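We did not get these values from a lab; they are worked out from the coordinates using the rules stated. Note that the structure is a prediction, hence the values are computed from the model and not measured. As a convention, Cβ positions derive from the backbone with ideal geometry for all residues, glycine included, and neighbour counts pool all protein chains shown.
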Amino acid sequence: MEEIVRGYDIPYFYDLGRQGIAHQIMVEQGHVLPGKVSIGTDSHANTYGAVGAVGNAIGVTDAAVAMATGKCWLRVPESVKFVIKGEWQPYVMAKDLSLHIMGMMHWNGHLIYKALEYTGPAIEALSIAGRMTLCNMTVDLGCKNGIIAPDQKTVDYLRPVQKSDW
């Protein structure tokens with residue numbers, strides 16, 4: 001892999017000592033940016049929505065086609081907006097909210113292949129890590145992705161690590 005990366009002048013290579021779970025690295029290292037559509041072979045690529053990107057998981061064949069052609073076919077999902085009000089209570093976190101939404105929806109199939117938009121004062125109060133957790137869990141709801149509109153917290157998080165402008 002190292003030879004291939006060097007041979008093609010690929011600028012970012014995550015090898016021993018510089019690694020992690022793909023959906024974490026993509027956000028933490030500033031590869032995923034607001035307003036962008038990003039695809040990944042990681043089933044939790046929907047985590048990218050935490051910074052206002054559309055993140056979609058794809059299979060390796062689709063990834064190979066995308067790398068070879070620069071194109072990927074996606075069906076645009078319907079959207080469902082969750083406006084989350086109130087204040088976070090001690091020991092209640094983003095995953096708890098996601099599990100509560102799962103319980104409310106009763107796994108009835110209404111969210112299959114939908115895009116979930118999270119907004120409201122409680123979402124604005126979440127850290128980027130909390131937002132990543134919330135968007136990450138949308139795959140467990142059967143959704144295509146989750147997204148949170150970027151705000152100043154997003155800008156401050158991405159400014160030191162972003163790999164390009166947005």
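A few notes on this one:
- Of the three principal axes defined by the Cα atoms of the range 18-98, the extents in descending order read 48, 36, 20 Å.
- Annotation: for a label point projected 7 angstrom from Cα along Cα→Cβ of Val37, residues of the range 97-122 with backbone N closer than 18 Å are 113-117.
- By other beta-carbon atoms within 10 Å, ranking Arg131, Arg75 with the fewest at the front produces Arg75, Arg131.
- Computed extension length for Trp166-Leu99: 20.9 nm, one decimal, from 0.36 nm per residue of separation with the Cα-Cα distance subtracted.
- Along each principal axis, taking the top coordinate minus the bottom one, the Cα set of the chain gives 52, 33, 28 Å in descending order.
- One chain, two ends: Ile4 and Arg18. Fully extended at 0.36 nm per residue, the span grows by 3.3 nm beyond their Cα-Cα distance.
- Highest-fluctuation residue, Gly59, Gly142, Gly30 considered, GNM on the chain with Cα pairs under 10 Å: Gly59
- Computed magnitude of the charge dipole of the chain (debye, nearest 20; Cβ of K, R +1, Cβ of D, E -1): 320
- For Met137, Met93, Met67, order by how many other beta-carbon atoms lie within 10 Å, fewest first: Met67, Met93, Met137
- Normalised by the number of residues in the chain, the average gap of Cα pairs under 8 Å and 6 or more apart makes the relative contact order 28 percent.
- Ellipticity estimate at 222 nm from DSSP helix runs (n ≥ 4, -39,500 (n - 2.57)) divided over the chain, nearest 500: -9000 deg cm²/dmol
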